[in-house]
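Okay, so here's the structure we're looking at.
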Amino acid sequence: MSELKRVQGGLLGLACGDALGAPLEGRTPAAIARRYPDPAALVADPPGEVLRYTDDTEMALGVAEALRARGREARAEDYARRYVANLNVDRGYGRGALMALAALDQGMPPAEAARCYFPDGSFGNGAAMRVAPVGLAFAGDPEALELHVARSSAPTHAHAHAVEGARLIAHAVAYALTHGPFEPDAFRAFVASRVREPAFGARLDDVFAGRGLATGVAALESVPTALALAARYAESYAQGVGHAVLLGGDCDTIAAMAGAILGAAHGLDAIPPAWRGRLERGPRGHGYLLQAAEHLVGANA
Ligand code: RVK
Ligand code: MG
Ligand code: MG
């Protein structure tokens, strides 16, 4: 399979997971199960004629655009400018993220803006939900990947947990892109080998052993869950993303993160047509996402 198909799978996989989870965000698994007992039901009858993406994809597009414009020269300020320019409040943003973006818009430097609402920095999953383009662009270059995880996180997320979540998702996406359909145990071992924050190591031990898939907005909850689902359903994009959506809670984001990983592993054509076909069109919709993916191939120059 071509690299382009995998990169497109990563970005569109993120967007479809996000848009599919969005209508079910905040519900309990039991409430969702009444309409959607399994992922096949989500394929047969997606939640909406048009699947509209949320902040997860809007911000991921910002990351992709900063990389397209500046490549490996992109700085925190470049990422910040894109996030602010793209902000559409009706896509649904976290409270802290909104405050940081308002401060950036007023000209506050990224490092300060990221602490203007939560003085210790946000531990939300907002840096992880949007980071996939960094993993796609720098799959062969872990140093550049780390640098751009830090720079793309900095404008809104200063807490170590938020950055760790973004690191792990970016590495996982890069692994998926370079290894293709991967072996679950090898993927789990790879992810574990990238951990720096002990709290994440402990959570990953739990979820990789099948204990407690948390669905909260904290990076420490939702990132390990997304990684565990990507491992458990390594053979199928639709199964992994479907099961992420069925979890409820912060399921747009869990499905976006798992979707980026499994989309990069299996490529664009693995995304069910029933999902991709309903992804919003328009100037920043389906076609624009495909184009953004094209520009990511080679953005690492
Ligand atoms: C709406 C206390 C904190 C905290 C801290 C809590 C979108 C707050 C996406 C905060 C994702 C929330 C999600 C999210 C992404 C974080 N002390 N509470 N230090 N740090 N929180 O606002 O971009 O859905 O309740 O920084 O990380 O789909 O509002 O935003 O699900 O976590 O939002 O953190 O959110 P924010 P974000
Ligand atoms: Mg969202
Ligand atoms: Mg969310």
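The values are calculated or read from the model by the stated rules, or taken from the named source; none is laboratory data. The structure displayed is predicted, hence computed values, not measured ones. Note: ideal-geometry Cβ built from the backbone for every residue, glycine included; neighbour counts use all protein chains shown. For accessibility, only protein heavy atoms count, side chains too; no ligands or nucleic acids. Shrake-Rupley method; radii C 1.70, N 1.55, O 1.52, S 1.80 Å.
Per-residue 3J(HN,Hα) values for segment 120-126, derived from phi via the Karplus relation 6.51 cos²θ - 1.76 cosθ + 1.60 with θ = phi - 60°, read 8, x, 6, 9, x, 8, x Hz in sequence order (x marks Gly and Pro).
In this structure, residue 186 and residue 105 have a Cβ-Cβ separation that, at R0 = 51 Å, corresponds to a calculated FRET efficiency of about 0.70.
With contacts taken as Cα pairs under 8 Å and at least 6 residues apart, segment 207-301 reaches a relative contact order of 21 percent.
What part of the accessible area of the chain, given as a whole %, is carbon or sulfur when the probe is 1.4 angstrom? Can you show the working numbers first?
Numbers: 5960 of 11240 Å².
Its accessible area is 53 percent carbon and sulfur atoms.
Selection among 195, 123, 98 by position relative to the dipole of the chain gives 98 as farthest towards the positive end (Cβ unit charges, Cα centre). Overall shape: oblate for segment 1-136, with the ratio a/c of the largest to smallest alpha carbon gyration tensor axis at 1.5 or above and b/c at least equal to a/b. Estimated from helices alone, the mean residue ellipticity of the chain at 222 nm is -19500 deg cm²/dmol (sum of -39500 (n - 2.57) over DSSP H runs with n ≥ 4, per residue).
Take the Cβ atoms of residue 30 and residue 50, set R0 to 35 Å, and the FRET efficiency comes out at 0.85. Between segment 26-68 and segment 209-265, the alpha-carbon centres lie 12 Å apart. Listed peptides 115-124, 53-62 appear in the order 53-62, 115-124 once ranked by packing, highest mean of other Cβ atoms within 10 Å at the front. The charge dipole of segment 178-288, taken about the Cα centre with unit charges on the Cβ atoms of Lys, Arg (+1) and Asp, Glu (-1), comes to about 240 debye, rounded to the nearest 20.
About the centre of its Cα atoms, segment 58-175 shows a dipole size close to 140 debye [charges on the beta carbon of Lys, Arg (+1) and Asp, Glu (-1) only; nearest 20 debye].
Would the chain count as rounded, prolate or oblate if I go by the C-alpha gyration tensor, calling it rounded below 1.5 in a/c and otherwise prolate when a/b exceeds b/c, oblate otherwise? Please report the intermediate quantities before stating the final value.
Numbers: a/c = 1.25, a/b = 1.23, b/c = 1.02.
In terms of gyration-tensor shape, rounded.
Considering the zone a paramagnetic label at residue 147 would reach in this model (a point 7 Å from Cα along the Cα-to-Cβ line), which residues of segment 67-106 have amide N under 12 Å from it? Taking a point 7 Å out along Cα→Cβ of residue 147, the residues of segment 67-106 whose backbone N falls under 12 Å are 71-76.
Could you do me a favour and compute the accessible area per residue for the chain, 1.4 Å probe, result in Å²? Each step should come with its number before you reach the end.
Values: 11240 Å² over 301 residues.
Heavy-atom SASA per residue in the chain reads 37 Å².
In order along segment 214-231, the phi-based Karplus estimate (6.51 cos²θ - 1.76 cosθ + 1.60, θ = phi - 60°) of 3J(HN,Hα) comes to 6, 10, x, 6, 5, 4, 5, 8, 7, 5, x, 4, 4, 5, 5, 5, 4, 6 Hz; Gly and Pro are listed as x. Listed values for segment 242-247 are Karplus-derived 3J(HN,Hα) couplings in whole Hz (6.51 cos²θ - 1.76 cosθ + 1.60, θ = phi - 60°), namely x, 5, 5, 5, 5, 5, and x replaces Gly and Pro.
Counting only Cβ charges, +1 for Lys and Arg and -1 for Asp and Glu, the dipole size of the chain around its Cα centre is about 220 debye. Taking amide H as placed 1.01 Å from N in the peptide plane, residue 279 has its amide H under 5 Å from the amide H of 51, each at least 5 places away in sequence or on another chain. Taking a ≥ b ≥ c as the square roots of the eigenvalues of the Cα gyration tensor, segment 124-257 is rounded, since a/c falls below 1.5.
Placing unit charges on each Cβ (+1 for Lys and Arg, -1 for Asp and Glu) gives the chain a dipole about its Cα centre, and among 288, 219, 255 the Cα reaching farthest toward its positive end belongs to 288.
Report relative contact order for the chain in percent, whole number only (criteria: Cα-Cα under 8 Å, sequence separation at least 6).
Values: 632 pairs, mean separation 104.3, N = 301.
In percent, rounded to a whole number, it is 35.
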